[in-house]
Amino acid sequence: MGQHRIGIVTGGGDCPGLNAVIRAIVKAGDINGYQSVGIHGGLDGLLTPVQASPLTVRDMDGLLIRGGTILGTANSGRFAAKAGAGKTRLVPQKTLEEAKKNLNHLGLSALIIIGGDGSLTTAQQMFEMGFPVVGVPKTIDNDLDATQMTFGFDTAVACAVDALDRLHSTASSHNRVMVLEVMGRYAGWIAAYAGLAGGADVILIPEIKFNFEAIQKKIEEREVQGKHFTIVIVAEGAALDQQLVATDSGSSDREIKLGGIGHEVAARIESLTGKESRCVVLGHLQRGGQPTQWDRQLCTRFGVRAVRMVAKQEFGQMVALLPNGMMGAVPLKEAVNKIRAVDPKGELVMTARALGISFGD
Ligand code: F6P
């Protein structure tokens with residue numbers, strides 16, 4: 001009997017740390033007698049013609065710090081379990097059967113799926129079909145309820161804070177309002193953490209309904225205090241007049257494409273206050289580059305734990321960072337479709353409010 005083989009696949013939007021997880025799986029897998037096989041281009045790589053290749057420990061050199069994913073990824077396609085504005089879609093039985101057949105041909109005794117809510121929802125459907133899957137939670141949005149933190153989030157926050165630091169000096173030099181639009185589809189974690197760490201004056205998130213009168217009041221208060229500039233951070237998923245701002249409404253195999261709220265917010269602030277207002281959309285800069293040291297250790301712990309779960313045949317589960325700071329596992333079924341949102345009455349928001357930061361409410 002040959003060596004046991006683990007398949008590794010990355011799904012959904014990329015994020016810093018994917019390669020660090022792959023590295024941890026391959027290295028820990030090797031020590032435990034597993035050969036790793038990378039599936040390329042997301043789960044569609046399991047469909048005919050299969051896109052797969054062996055991954056050796058030697059291939060892992062330099063991956064701890066490399067952004068993106070060496071396996072490639074996709075957030076649309078035949079395995080998409082999320083479509084349009086947050087709708088769940090069942091992956092067709094025929095697609096799952098084709099992948100199962102190819103999984104057996106490849107001799108894989110387990111498949112580790114590294115992804116966010118969409119890919120993990122697919123993972124759960126695959127598990128129900130008899131696939132031996134283990135999930136690893138990824139997303140810069142940090143919005144999965146079953147883990148205290150997803151990897152990629154810390155790096156995205158660091159990028160947003162760097163942007164805020166830079167915007168501060170130019171905003172104060174020109175006495176302008178600078179609006180920074182960050183990612184955060186359903187939850188405003190990036191905006192809230194970066195806003196706090198980067199000294200924003202106004203934080204707008206999906207969890208707290210905002211209005212322009214409150215923002216105007218905050219800007220005018222600052223003027224009275226002699227502060228002639230204001231920094232606003234807004235999550236792309238915050239609702240403007242009860243509506244999401246999007247560039248594309250999505251389709252049957254892809255989610256709605258958010259973006260554009262920052263420019264709208266800046267324009268409305270300018271017309272209300274008369275202050276020159278500019279917007280910067282941070283966009284995919286948040287998803288690129290080297291992972292922070294926090295994300296590197298989290299990815300490494302996630303990867304090693306995933307291999308342990310494979311060895312113990314704990315399938316249908318996802319690795320998670322537990323409230324006590326330890327690694328653990330939770331059933332995929334309980335992990336998916338549950339968004340972890342910023343608590344409008346929680347300590348994070350209260351801390352910001354204690355400093356006079358406005359949430360536009
Ligand atoms: O889910 C992570 C995320 O970065 C969201 O914050 C964002 O809305 C989405 O991915 C963007 O995806 P894409 O790169 O496909 O536009």
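The values are calculated or read from the model by the stated rules, or taken from the named source; none is laboratory data. Quick caveat: nothing in here was measured; it's all calculated off a predicted structure. Backbone-built Cβ (ideal geometry, glycine too); neighbour counts: all protein chains shown. The protein model used for the area step is the full one, side chains on, heavy atoms only, and it has no ligands, DNA or RNA in it. Shrake-Rupley method; radii C 1.70, N 1.55, O 1.52, S 1.80 Å.
Conditions first: (1) β-branched (Val, Ile, Thr); (2) crowded, with 22+ Cβ neighbours inside 10 Å; (3) part of a strand (DSSP E or B). Val310 passes all but one, so which condition is the exception?
Failed condition: (3).
Go through region 215-232 and count every residue that is open to solvent by less than 20 Å² (accessible area, probe 1.4 Å) and touching a residue at least 60 places away in the same chain (Cβ under 8 Å).
So the answer is 2.
Across region 240-260, which residue is surrounded by the most Cβ atoms within 10 Å (Cβ to Cβ) among those that are acidic (Asp, Glu) and part of a loop (DSSP other than H, G, I, E, B)?
Within region 240-260, the match that is surrounded by the most Cβ atoms within 10 Å (Cβ to Cβ) is Asp253.
Tally time: how many residues in region 279-306 are part of a helix (DSSP H, G or I), surrounded by fewer than 18 Cβ atoms within 10 Å (Cβ to Cβ) and more than 16 Å from the ligand (Cβ to nearest atom)?
Residues in region 279-306 being part of a helix (DSSP H, G or I), surrounded by fewer than 18 Cβ atoms within 10 Å (Cβ to Cβ) and more than 16 Å from the ligand (Cβ to nearest atom): 4 in total.
Looking at region 162-202, which of its residues are in a helix (DSSP H, G or I), open to solvent by 10 Å² or more (accessible area, probe 1.4 Å) and within 16 Å of the ligand (Cβ to nearest atom)?
Ala163, Trp189, Tyr193
Kindly indicate the residue of region 203-244 that is closer than 17 Å to Cys159 by Cβ and touching a Lys or Arg at 6+ places or on another chain (Cβ under 9 Å) and also farthest from the ligand (Cβ to nearest atom) among those meeting that condition.
Ala235
For region 271-278, indicate whether the set of residues that are in the same structural domain as Val21 (by TED's automatic domain parsing), open to solvent by 80 Å² or more (accessible area, probe 1.4 Å), at pLDDT 95 or above and polar (S, T, N, Q) is non-empty.
Scanning region 271-278, I find no residue that is in the same structural domain as Val21 (by TED's automatic domain parsing), open to solvent by 80 Å² or more (accessible area, probe 1.4 Å), at pLDDT 95 or above and polar (S, T, N, Q), so the answer is no.
State which residue pairs qualify: first residue away from the ligand (no atom under 13 Å from the Cβ) and inside region 138-157, second residue part of a loop (DSSP other than H, G, I, E, B) in any location, beta carbons under 7 Å apart, and separation of 6 or more residues or different chains.
Every condition considered, the pairs that remain are Asp145/Lys338; Asp145/Arg340; Ala146/Lys338; Gln148/Leu322; Gln148/Pro323; Met149/Asn142; Asp154/Thr292.
Report yes if some residue within region 111-129 is farther than 13 Å from Gly13 by Cα, of a type outside the set (A, V, I, L, M, F, W, C), open to solvent by 10 Å² or more (accessible area, probe 1.4 Å) and in a loop (DSSP other than H, G, I, E, B); otherwise report no.
No; the residues of region 111-129 include none that is farther than 13 Å from Gly13 by Cα, of a type outside the set (A, V, I, L, M, F, W, C), open to solvent by 10 Å² or more (accessible area, probe 1.4 Å) and in a loop (DSSP other than H, G, I, E, B).
Take the conditions more than 20 Å from the chain's Cα centre (by Cα), under 24 Å from Ile25 (Cβ atoms) and among the hydrophobic types (A, V, I, L, M, F, W, C) and apply them to Leu120. Does it pass?
Criteria not met by Leu120.
Filter region 12-35 for residues that are open to solvent by 10 Å² or more (accessible area, probe 1.4 Å) and closer than 14 Å to Thr150 by Cα; which is nearest to the ligand (Cβ to nearest atom)?
Top of the filtered list is Gly13.
If we keep just the residues of region 136-159 that are farther than 13 Å from Gly13 by Cβ and aliphatic (A, V, I, L, M), which is surrounded by the fewest Cβ atoms within 10 Å (Cβ to Cβ)?
By that ranking, first place goes to Met149.
Quick check: anything in region 88-95 under 18 Å from the mean Cα position of the chain (by Cα), touching a residue at least 40 places away in the same chain (Cβ under 8 Å) and open to solvent by less than 70 Å² (accessible area, probe 1.4 Å)?
No.
Got a sec? Which of Ile208, Ile219, Ile231, Ile215 is assigned to a strand (DSSP E or B), more than 30 Å from Ala74 (Cα to Cα) and either more than 19 Å from the chain's Cα centre (by Cα) or among the small types (Gly, Ala, Ser) (or both)?
Going through Ile208, Ile219, Ile231, Ile215 in turn, just one is assigned to a strand (DSSP E or B), more than 30 Å from Ala74 (Cα to Cα) and either more than 19 Å from the chain's Cα centre (by Cα) or among the small types (Gly, Ala, Ser) (or both): Ile231.
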